[in-house]
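All remarks here apply to the structure that follows.
The values are calculated or read from the model by the stated rules, or taken from the named source; none is laboratory data. Remember, predicted model here, so these are calculated numbers, not experimental data. Cβ atoms come from the backbone with ideal geometry, glycine included; neighbour counts cover every protein chain shown.
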Amino acid sequence: MNKISACSYLRYLLLVGGMLTCMQTRAIQVTFGTDTQYVCLLEPITLSPDISGQSGPVSYAWSTGDTTPVTDIMFGSAGSAWYWVQVTDASGQVDIDSIWISALGACVWPGDANGDGIANNLDLLTWGLAYGAQGMVRPNAHLNWIAQPVQPWTQQLGGGLNYAHADVNGDGLINTPDIQGIIHNYAVPNTAPTLPPGPGTTPIMWIEFDSQIYQPGDTIYGTVMLGTPDVPATDIHGVAFSVEYDPILIPPGNIRLAASDSWLGQPGQDLQSLDKDFGPWARLDAAITRIDPQNRTGYGRIADITVMIDDITGKNQGIQMVNVQLSHIHLTDAAGQPVRVQQGSSSFMLTLSRTDVLPGGANVSATAGADDTINLRWEGLPDGLEHVYLTDMQGRICWAGTYETPAGQTTISHRLVPGLYMLQAVSGPYMSARKLLIR
């Protein structure tokens, strides 16, 4: 569409001495600064021209019928139209400028792929559902957090959400570069709570660490687990979650997460992921999604986590239970529907100025009986057993006790489900940990 020049308009609007003229020598200049502007549907737009070279007060005549310095417009449906303004100053000089306004059918906030008004890890799950699709390029696209109009794509997600929202960078292709746009506008942690477990069996998600006892300055390696052999995770396409940590023991920036080769897929082939650490909130948000339309069913490892403990030796004495907690978990299937999950707990023990080697002649042992009992024996411990913990492999304490004698034995009754547990004992400057199988 060609721009309507000021002189062309004046030939139709000005009649002097019975003939049409064009004031080529006018000093007044009127401009909108652009020939074309794209707007969103139902987005109020104020048109305000820039004026220079005028003599005295000016008057306005808009194509809308307004005679004010500005005019407000809004499109209720997709369409385009010319708008012009004629400005006349006190000496009779006149100038006109026009602008082509095009209202497109969709309005995108870069990074908000699921249309909920915020950019966070949930948007990666929606992006994964639309991965590989192509559509209209977004005019004048950028990643600034501002509404940007775009022609709707022909594809829609469940609930009627247009695919254009998942094209974060606006290049007309939903692909890996869009992830940076989500991270760019990811300003605060996701606050959507984990869906409560539904009726029947629900898969559990937790972090499993490579050990249960660490010292200040250690680098800890863990695995994000989803599902068990008895209760696998069924029909999974994407997972978003948060990792909450103690900012005193784990400074911001000291926790990392990466999707791993797993039953859910292979990173870079049929999986994509993102993570972002929010230090002031002591949280890391993450998401993993498949980039094909296939669900997966399975159990076990889906991601690896690395935690670097601050070197706080000498600041405290004794032991401390450190929680690294999963929260805000969201699973979705290939139709974008939520899948319910149990939120497991995870923790490990941090020794402060202690060693995990018992002195010579000392020993702590435990055996599981067939009648829901555990036989605990210890010897060679001058300080006795200050603390004894029995935890499951998710770090949850199932039983705890204290025994003051240097040596002894006791029988512990329990109602634990069969499985692998960790027995952890503390005596003076020493700690000991060993696995215990309960059948």
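Here are some notes:
- For region 239-274, the set of residues classified as over 17 Å from Val339 (Cα atoms), at pLDDT 90 or above and surrounded by 21 or more Cβ atoms within 10 Å (Cβ to Cβ) consists of Val243, Leu257, Ala259, Ser262, Gly265, Leu271, Gln272, Ser273, Leu274, listed by residue number.
- Within region 275-292, the residues that satisfy the criterion of being in a loop (DSSP other than H, G, I, E, B) and modelled with pLDDT of 95 or more are Ile291, Asp292.
- Condition met for Thr411 (surrounded by fewer than 14 Cβ atoms within 10 Å (Cβ to Cβ) and under 30 Å from Thr228 (Cβ atoms)): yes
- Consider region 199-227 and keep the residues that are surrounded by 15 or more Cβ atoms within 10 Å (Cβ to Cβ), of a type in the set (S, T, N, Q) and assigned to a loop (DSSP other than H, G, I, E, B). The one that is nearest to the chain's Cα centre (by Cα) is Thr202.
- Condition met for Val108 (at pLDDT 85 or above, β-branched (Val, Ile, Thr) and under 30 Å from Trp127 (Cα atoms)): yes
- Residue pairs meeting the criteria (Cβ under 9 Å; at least 6 apart or on separate chains; first at positive phi, in region 259-275; second of a type in the set (Phe, Trp, Tyr)): none
- Only residues that are surrounded by fewer than 20 Cβ atoms within 10 Å (Cβ to Cβ) and either modelled with pLDDT of 95 or more or farther than 30 Å from Ala130 by Cβ (or both) were counted in region 319-334, giving 7.
- Verdict on Val70 being loosely packed, with under 14 Cβ neighbours inside 10 Å and among the β-branched types (Val, Ile, Thr): yes
- Contact map, region 22-47: first residue assigned to a loop (DSSP other than H, G, I, E, B), second residue modelled with pLDDT under 90 and surrounded by 17 or more Cβ atoms within 10 Å (Cβ to Cβ), Cβ cut-off under 6 Å, separation 6 or more or different chains; pairs are Cys22/Leu10; Leu41/Phe75; Leu41/Ala103.
- Residue match in region 176-198 (condition: part of a strand (DSSP E or B) and of a type in the set (Asp, Glu)): no
- Residue match in region 310-318 (condition: modelled with pLDDT of 75 or more and in a loop (DSSP other than H, G, I, E, B)): no
- The residues listed here are Val231, Val243, Val239; of these, the one that is among the β-branched types (Val, Ile, Thr) and touching a Ser or Thr at 6+ places or on another chain (Cβ under 6 Å) is Val231.
- Residue check, Ala141 part of a loop (DSSP other than H, G, I, E, B), within 24 Å of Asn169 (Cα to Cα), without any contact (Cβ under 8 Å) to a residue 60 or more places away in the chain and among the aliphatic types (A, V, I, L, M): yes
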